[in-house]
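Below is one structure; the comments refer to it alone.
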Amino acid sequence: MKILKQYFSRQLIAIFIMLFLVLTGLAWMMQIMSMMKFLLKYGIDVTDFLGLTSLMIPFIASIIVPFVCFISVIFVYNKMIADNEITVMAASGLSPWQIGRPALRLGVLLTVFNLLLSVWIVPRTQALFYDMQWNLQYGMAHMKLQEGAFTEISNGLVVYVESVSGHDLGQVMLSDMRDEDNISMIFAEKGKLISTVRGLSLAMTNGALQSSGSAMASGTFETFDMDLNVVDKGGNSSFRVRRLPTMQLMRVAFDAATQRQHKMVLTELSNRFISPIMNLVLAALCVAILLRSSLLRRRTSFAPMVAVVSMAGVMALYMSASNMVSTLTQLALLAIGVIVLLVVILMVLAKK
């Protein structure tokens, strides 16, 4: 029996690792293609770009692990059924529960792994991802001014500097045409780039300003600050629940600012605590259908199709229910429903 367990486990783990690496790599490549604008528009380094996209890998992994688990189980067990290995095992006195135990162990291990990803690793990497993305788009990282050259910082905002030393600038000329009704020209002896929560700001000293709006205006200044790319980093538009630590997310669930945020928080909580259980649910569902069908002593060619359709139905039902959760009571009912479904599947598998 121990040899059979090792035989099953080796095949399941090998297939899972191979599929996991392939599918994660493909999903990562798609993420890279969708974010090429950061490489082209903002002129960031390739290493920074790859570092940014690699922060999405834990989130991608947390999504695809249950599906890879199901595919691994159905591939290994269906192959053994086709080779009559399962029939021989059953004839030797092994029950469906004993034969399916390696798949269940894999489901348990992946449930723990997925829970670790969802509760701890994904929030940390997502927080780093959004902070790095913001910095590349609005912060110091994307600002590369060249001496003696005009640089378009954003649409309608052009800056010219004669000397650059880190964030310190010398002999600055800035043209601000973002507001067509109020075009400004600013000349300054010195300038300094400063990163704020509203994006980059240019602090200038000893200069002059000319503004042509409804009336021409001009003047001099000792110090003058200008926002170069205004963005509200902390506003509601940037409320992303994936980057919140789990404990903070649980507190927000009780005092979210809006109903929409409350619903988003509850959906995220279900993704972090309930979705990992789907690894065990899908593994148990697959082996229950395949093993029970293989022992009926009749055509079982439709068993894999039935398993796939059942998996799709269960996942569609779960995802629909998780997206409709709007209260803590509904969240608790969803968790209970998933556990009840798992218990029913295990009872079918363990039935003599």
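The values are calculated or read from the model by the stated rules, or taken from the named source; none is laboratory data. Note that the structure is a prediction, hence the values are computed from the model and not measured. All Cβ positions, even for glycine, are placed from backbone atoms using ideal geometry, and neighbour counts span all protein chains on display.
Considering every residue within region 327-338, establish whether at least one is in a loop (DSSP other than H, G, I, E, B) and either without any contact (Cβ under 8 Å) to a residue 12 or more places away in the chain or of a type in the set (Ser, Thr, Tyr) (or both). There is at least one residue in region 327-338 that is in a loop (DSSP other than H, G, I, E, B) and either without any contact (Cβ under 8 Å) to a residue 12 or more places away in the chain or of a type in the set (Ser, Thr, Tyr) (or both). Scanning region 189-203 for residues being at pLDDT 85 or above and either farther than 16 Å from residue 153 by Cα or in contact with a Pro (Cβ under 8 Å, 6 or more places away or on another chain) (or both) gives a total of 2. Residue pairs whose Cβ atoms lie under 7 Å apart, sitting 6 or more positions apart in sequence or on different chains, and linking a residue in region 153-171 that is at negative phi and without any contact (Cβ under 8 Å) to a residue 12 or more places away in the chain to a partner that is surrounded by 13 or more Cβ atoms within 10 Å (Cβ to Cβ) and polar (S, T, N, Q), do not occur here. Taking the criterion of being β-branched (Val, Ile, Thr) and buried (at least 19 other Cβ atoms within 10 Å of the Cβ), the residues of region 82-124 that qualify are 86, 99, 111, 122. Residue count for region 134-149 satisfying the condition of being surrounded by fewer than 16 Cβ atoms within 10 Å (Cβ to Cβ) and either at pLDDT below 70 or assigned to a helix (DSSP H, G or I) (or both): 2. The set of residues in region 234-260 that are modelled with pLDDT under 85 and buried (at least 16 other Cβ atoms within 10 Å of the Cβ) comprises 239, 252, 253, 256. Taking the condition of a type in the set (Phe, Trp, Tyr) and under 19 Å from residue 31 (Cβ atoms), does residue 113 pass? Answer is no for this residue.
Tell me yes or no: at least one residue of region 304-317 is surrounded by 17 or more Cβ atoms within 10 Å (Cβ to Cβ) and more than 27 Å from the chain's Cα centre (by Cα). Within region 304-317, one or more residues are surrounded by 17 or more Cβ atoms within 10 Å (Cβ to Cβ) and more than 27 Å from the chain's Cα centre (by Cα). Kindly indicate whether residue 284 is surrounded by fewer than 19 Cβ atoms within 10 Å (Cβ to Cβ), small (Gly, Ala, Ser) and either at pLDDT 80 or above or farther than 18 Å from residue 157 by Cα (or both). Taking the combined requirement at face value, the residue does not satisfy it.
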